[in-house]
Amino acid sequence: MTETATETVATAAATIDVVIDRVETAADQVVSLVLRRLDGEPFQPWQPGAHIDVHLGEGLVRQYSLCSPLEELDHLRIGVLRVPDSRGGSRAVHELEAGSPLTISEPRNNFPMLDSRRYLFVAGGIGITPLIPMIEAAEKAGKDWQLVYGGRSRGTMAFADRLLERYGPDRIQIIAEDEAGRMDLDAILGLPRAHMLVYACGPSGLLGAIEERCMGWPPGALHTERFVASALGAGAASEPFEVELARTGTTVTVPTDKSILDAVEEVGVRVLSSCRGGLCGTCETQIISGEPEHRDAVLSEEDREAGEVMLVCVSRAAAGCPRLVLDL
Amino acid sequence: MTAMTHEPAVLADDPFDTANILDPYPFLARLRDAGPVSYLESTGSYAVAGYQEVYEVLTDFETYISSGGLGPRDIRKDSGWRPPSILESDPPIHTVMRRALTGVINPGTVRALRGPFTPPAVELTEELARRDRFDAVTDLAEKYPLRVFPDAVGIPDEGREHLLPYGNMVFNAFGPENYIFQQAFAHGDEHAAAVMRNCERENLSDTGFGARIWDRVQEGLITGQQATLLVRALLSAGVDTTVFGIGNTLSVLARYPEAWARLRANPKMARFAVDEALRVESPFQKFHRTVAVDTELGGVKIPAGAKVLVFIGAANRDPRRWGDSADEFDLDRSASGHVAFGMGLHQCVGQPIARLEMEIVLQQLLERVATIEPDGEPVPILHNVLRGFESLPVRITAA
Ligand code: HEM
Ligand code: FES
């Protein structure tokens, strides 16, 4: 994936006015923002893996995963990595100060945590953020879980100390590259285990290496969320878009909180599906025109670039592409 | 785990006797109703036939292992008739073999097959549409996969006649060494030798899946012997299953003229018809797992070393999962979640290929055939673990 900044003009998608309550330094180049609603009301409950869109002005929208405690709905916390060559999103966030107003979206989830008996969490750098609420949920439900968290150096690894302190070294393994070298993925992943899901978030290179190793695992065991090193957040296009169903001859609007698959099924058009999570390839659909944003774990890099097919259970229209025409 | 365990229901029925093979569903319904886990006296194995238990056994691959073989004997103790395949392995051996295979067969590589897989289906169905009756199994289902699949793997023309008999051996060996087994193995050595020859790199074309598997040897992922075994796995698991998949789909559709008419109006629905047909008439009906450690399932204790017979075809008709109409084909049902291709670690690698073949044949037939109906009783095949027909006479009207 390339840059995730979605430089579209913000439109009617439901937004919330918040105020920045606190700005904390979470690590070198990482700040953590605590947000409260301007009207003093609590936020809607959200699920582990969820993110918000942050509207940074001049049409710049970025996505950041939530990492505050699930139960504390009086605030939301996001972690933001500042990257020098960023196109502006993370810099703009770093320039925000306590007390400034901000516009965000309702929390949405593109990286939902499925119920299972065991979990292995793997974080690369700022990819730790969506995993924090997952860990909290796993711990609370008494699941068997482990976190392996890698980063360039301890100083750059946000929330590492806090996690270690809270859950202890039996659960949490911190691997700083300047001390211990890179993460040894073969050792970390080990062998597939029955009823164990892997949730991984981090830079593309790390996720690619994990995907390669998990190809011999049960289909659906691995769940990843991709982001580029310059900013956190799957490039969730934050606008609703239209899907024209070429065979059926109808057009459906896909709102921000629904998948194409759900929206299409709602108007009575059937699409063969199985996992509904971008994992199995069953819902693969031909694209007649328009540009998709792929969010599945099935298509190869070449497939993604060719842009001829997409997995409609998870993938969406790319930012700036208001209409997809699909062979449905 | 609670201390509340009970003895399994003990059944005298033999799932491998002729009557239960030719008409399996009454016995399977009895088995499901007997309780979550039963014990079969005839085979000395435990049995699961409900969706929930079958799902649990398939997904808990640490407790219910495959390296004991998919047949009734424990091939860890008593070596099998051939070196174990990917299907008969556990992690870590399975992990590397599966990684190699998934890199070669995946939605992207299979998508490219639609082109080459279509003309043979056009040709076969054009010819059949000129007749007023034909045998949907011998004239179509048995022919089509052999026209396309061996080319996709890249094996030579010579020796292809051994593929169906070899597949027949491999799958029948997942049942007991009964009369059916012996028939299948009658010329076993000859078939096995011919198929093994075709798994060697020098006998594979440069463009097929076989050669791509051997590329993984170059990359250091697998050994040459593992590459041979993986090509062998494709050749043994990829032909019979799909033949039965096509035949079973047509056996169902010939009985549902309304569904045929709807499919003709909307051929895009062929994929749903195939999926639902795989649910009601699952080609691969049952196989064994071996219990690795003492365990408990559905309140029944099962000791380490025991064999569990997993009835996936019965799980696909479990009314607790599919409702009261579970035995009926219903084009409007969402069959997703069926376990006809297995579930979890060993879930069928060839699934996208099988689906593609079945969809193409059905779409081509729908284009040319206005109505299709049974022309006499179908003849089910006597097979230990696969469900299908030896003959399926149909009467048609051309479009
Ligand atoms: C309708 C057709 C097919 C059906 C119903 C079917 C069914 C199955 C089932 C139920 C399993 C899992 C067995 C277990 O859990 O122990 C399986 C595994 C497998 N199938 Fe298929 N299959 C079909 C077509 C194919 C084709 C076309 C190929 C080859 C390209 C193929 C290759 C394999 C292989 C290699 C495995 C072993 C996977 C592993 O152990 O990880 N199958 N199949
Ligand atoms: S339904 Fe599995 S990828 Fe979409």
Leading residue at positive end of dipole, the range B:62-206 (Cβ point charges), from B:81, B:124, B:104: B:104
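Out of all DSSP beta bridges with both ends in chain A, state the antiparallel percent to the nearest 5. Each step should come with its number before you reach the end.
Values: 43 of 71 bridges.
Here the share of antiparallel DSSP bridges comes out near 60 percent.
Return the percentage of antiparallel bridges among DSSP beta bridges fully within chain B, rounded to the nearest 5 %.
The answer is about 80 percent antiparallel.
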Which of B:199, A:275 is most accessible, then next, and so on - probe 1.4 Å: A:275, B:199
Using θ = phi - 60° and Karplus 6.51 cos²θ - 1.76 cosθ + 1.60, couplings along the range B:136-141 (whole Hz; Gly, Pro as x): 5, 8, 6, 8, 10, 4
Among A:131, A:81, A:164: highest mean-square fluctuation, GNM of chain A, C-alpha pairs under 10 Å: A:164
Chain A: C-alpha gyration tensor shape, a/c 1.5 cut-off, then a/b vs b/c: oblate
Candidate residues A:195, B:94: accessible-area rank, largest first, probe 1.4 Å: A:195, B:94
Other protein chain Cβ atoms within 10 Å, averaged over every residue that makes up A:266-277: 3
Using θ = phi - 60° and Karplus 6.51 cos²θ - 1.76 cosθ + 1.60, couplings along the range B:384-397 (whole Hz; Gly, Pro as x): 5, 10, 8, 10, x, 10, 7, 8, 9, x, 10, 10, 10, 10
Fluctuation leader among A:205, A:307, A:216 - chain A, Gaussian network, Cα springs under 10 angstrom: A:216
Residue A:253 - accessible surface, heavy atoms, 1.4 Å probe, Å² rounded to 10: 80 Å²
Summed side-chain charge close to residue B:7 - residues other than residue B:7 whose Cβ falls under 15 Å, Lys, Arg +1, Asp, Glu -1: -1
Cleavage-rule hits (GluC sites (Glu not before Pro)) in the range B:31-138: DSSP loop, at most 10 neighbouring Cβ within 10 angstrom: none
Residues in the range B:50-98 that, when all protein chains are in place, have 50 Å² or more less accessible area than the chain alone would give (probe 1.4 Å): B:61, B:62, B:95
Nonlocal amide H pairs with residue B:375, under 5 Å, H built at 1.01 Å: B:394, B:395
Interchain or long-range residues, amide H under 5 Å from residue A:254's placed H: A:241, A:242, A:243
Residue-normalised accessible area of the protein assembly as shown, given per residue in Å² at a 1.4 Å probe: 40 Å²
Given charges at beta-carbon only (K, R positive; D, E negative), |dipole| of the protein assembly as shown in Debye: 340 debye
Residue B:311 accessible area, 1.4 Å probe, all protein chains in place, Å² to nearest 10: 10 Å²
The protein assembly as shown, accessible surface, carbon-and-sulfur percent (1.4 angstrom probe): 50 percent
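Where both residues lie in the protein assembly as shown, what percent of DSSP beta bridges are antiparallel, nearest 5?
65 percent
Roughly how much accessible area, to the nearest 100 Å², goes out of reach of solvent when A and B pair up, both sides summed, probe 1.4 Å?
Adding both sides of the contact gives about 2500 Å².
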Mean separation of Cα contacts under 8 Å (6+ apart) over length of chain B, as relative contact order %: 26 percent
Cα centre as origin, Lys/Arg/Asp/Glu Cβ charges: chain B dipole, Debye: 860 debye
GNM result for chain A, Cα springs below 10 Å: residue of A:155, A:124, A:249 fluctuating most strongly: A:249
In Hz, Karplus ³J(HN,Hα) per residue of the range B:24-38 (6.51, -1.76, 1.60; θ = phi - 60°; x = Gly, Pro): x, 5, x, 5, 5, 5, 4, 5, 4, 6, 6, x, x, 9, 10
Where labels lie 7 Å past Cα in the beta-carbon direction, separation of residue B:206 and residue A:39 in nm: 6.8 nm
Reachable aspartates and glutamates from residue B:77, criterion Cα separation under 19 angstrom, eight or more residues apart if same chain: B:62, B:88, B:90, B:177, B:294
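The values are calculated or read from the model by the stated rules, or taken from the named source; none is laboratory data. Bear in mind that the values here come from a model prediction, so they are computed numbers and not experimental data. Glycine gets a Cβ as well: all are built from the backbone with ideal geometry, and neighbour counts include every protein chain shown. For accessibility, only protein heavy atoms count, side chains too; no ligands or nucleic acids. Shrake-Rupley method; radii C 1.70, N 1.55, O 1.52, S 1.80 Å.
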